[in-house]
Every structure is written in structure tokens, then in C-alpha cells.
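Below: one structure, written as C-alpha cells.
The values are calculated or read from the model by the stated rules, or taken from the named source; none is laboratory data. No experiment lies behind these values; they were computed from the predicted model shown. Backbone-built Cβ (ideal geometry, glycine too); neighbour counts: all protein chains shown. Keep in mind that these areas ignore ligands, DNA and RNA; they rest on the heavy atoms of the full protein, side chains included. Shrake-Rupley method; radii C 1.70, N 1.55, O 1.52, S 1.80 Å.
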Amino acid sequence: MLTPLDIHNKEFKKVMRGYSVDEVDGFLDEIIRDFEFLFKQNMEYEEALKKSNEQIEYYRSMEDTLQNTMVLAQKMAEESKRNAEKRRNCNMGSQEKAEQIVRRRT
């Protein structure tokens, strides 16, 4: 890839009936200015793209962690629900037994 310095240092042979040296030099100066601007802008865009890609990777990692956390929370909620159901059933059984004992005594 050409750099602004490559363009600046480029020299052409001088030939009889050739182009005007001043016009060529002037045009090369314009090219150098534009190329430097585009070159710097491209470097800035590449840096911004790099930062954006790093942020995307960070957020993807966060997303994976959140998904795993949600799955774990859902499993824990289901397990808690099953345990509560077991306790309720156990308590109902105990309550029925207690009522039977009370009925026998009365």
C-alpha cells in the first residue's frame, strides 16, 4: 500500500516535450494532502472497528454468562417448586394422621 511519503518522494523522468514539472508537482501535492487525510481516517476507522469488535466480544461473553445464569435460576426455581410440593404433600399427610389420631381419642 502506498503511503503519503511514497507519493511525496516519487520522481518522474524529465523528457523533452513532457508534462509541466510544476503542474505535476502541484497535482502530486494535492494527491498527498488527500491521501494523508484518507490514510489517517482509515487508521482511525480501523482503531474504532477494533474497539467495536472488542466490545462485541465482551457483550457476547456477558450474554453467554447471563444465559447460563438464567438456565441455572430456572432449574433452581423448578427444584424449589418440587421441594415445596413434596413438603406440602408431606404436611398434608401429617395433618391427616394428626386428625385421625384426634378422632380416635375423641
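Quick check: is even one residue across the stretch 47-67 within 30 Å of Thr3 (Cβ to Cβ) and small (Gly, Ala, Ser)?
Taking every residue of the stretch 47-67 in turn, at least one turns out to be within 30 Å of Thr3 (Cβ to Cβ) and small (Gly, Ala, Ser).
With Arg60, Arg33 as the choices, which residue is surrounded by 10 or more Cβ atoms within 10 Å (Cβ to Cβ), of a type in the set (Lys, Arg) and at pLDDT 95 or above? Steps first, answer last, please.
Details: Arg33 fails: at pLDDT 95 or above.
The conditions single out Arg60.
Is there any pair with a first residue in the stretch 9-24 that is outside any loop (DSSP other than H, G, I, E, B) and a second that is open to solvent by less than 100 Å² (accessible area, probe 1.4 Å) whose Cβ atoms are under 9 Å apart and which are 6 or more apart or on different chains, and what are they?
Pairs found: Val24/Gly18.
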